[in-house]
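The structure appears below as structure tokens.
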Amino acid sequence: MWRPDRSWRVDASVGLLEARFLDYQRDSVNLSGRDQAHAPRWQYAVAAERRFDAGWFLRVDVQGMDRFFFSESHEQVSSPHTLAHLRVGFERGPWRAALWVRNLFDAGYAQRGFFFGNEPPDFPDRLYVQPGDPRQVGVTVNYEWP
């Protein structure tokens, strides 16, 4: 976290991961040395928040993730993706209200993937993905009891 002055706050984080199978055989497939499922090699998050003297605030968050294998049972992978979020609000005394948007640009991304045959007549193997959350907009109001 970095605070260049009392009205600004900047947060940043980076995650690096190396999660590989060391000695693993699944059926007739040797997965030794392959990345494990749902283990992206890198992730990051950056946020900037500005507070104004009148009680208003604005926050922007950006987070990203590398590709990852969906499962150990197949070779299908996700795509790397980046999401942006926005929050604008007002606080005075014990009250705080904020309008927020998650996935601001409505980025499409997969969070789970399954690879199997499910469609007649030949039932060829195919990737089916569970998409990540689309853009969401909401309002949050808080009151903090003294």
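State whether one or more residues within region 29-49 are modelled with pLDDT under 95, aliphatic (A, V, I, L, M), loosely packed, with under 15 Cβ neighbours inside 10 Å and not in a strand (DSSP E or B).
no
Being β-branched (Val, Ile, Thr), assigned to a strand (DSSP E or B), modelled with pLDDT of 95 or more and loosely packed, with under 15 Cβ neighbours inside 10 Å is true for just one of VAL141, VAL101. Which residue is that?
Going through VAL141, VAL101 in turn, just one is β-branched (Val, Ile, Thr), assigned to a strand (DSSP E or B), modelled with pLDDT of 95 or more and loosely packed, with under 15 Cβ neighbours inside 10 Å: VAL141.
Quickly run through region 50-98 and pick out the residues that are among the hydrophobic types (A, V, I, L, M, F, W, C), open to solvent by 70 Å² or more (accessible area, probe 1.4 Å) and not in a strand (DSSP E or B).
PHE52, the sole residue that qualifies.
Could you tell me how many of the residues in region 1-28 are out of contact with any Leu (no Cβ under 6 Å at 6 or more places or on another chain), of a type outside the set (A, V, I, L, M, F, W, C) and not in a strand (DSSP E or B)?
Qualifying residue count for the region: 6.
Could you tell me which residue of region 62-88 is nearest to SER7 (Cα to Cα), considering only residues that are under 11 Å from the mean Cα position of the chain (by Cα) and not aliphatic (A, V, I, L, M)?
HIS85
The values are calculated or read from the model by the stated rules, or taken from the named source; none is laboratory data. As the structure is a prediction and not an experimental result, all values here were calculated from the model. Here the Cβ is made from the backbone with ideal geometry for all residues, glycine too, and neighbour counts use every protein chain on show. SASA here: full protein model, heavy atoms, side chains in, ligands and nucleic acids out. Shrake-Rupley method; radii C 1.70, N 1.55, O 1.52, S 1.80 Å.
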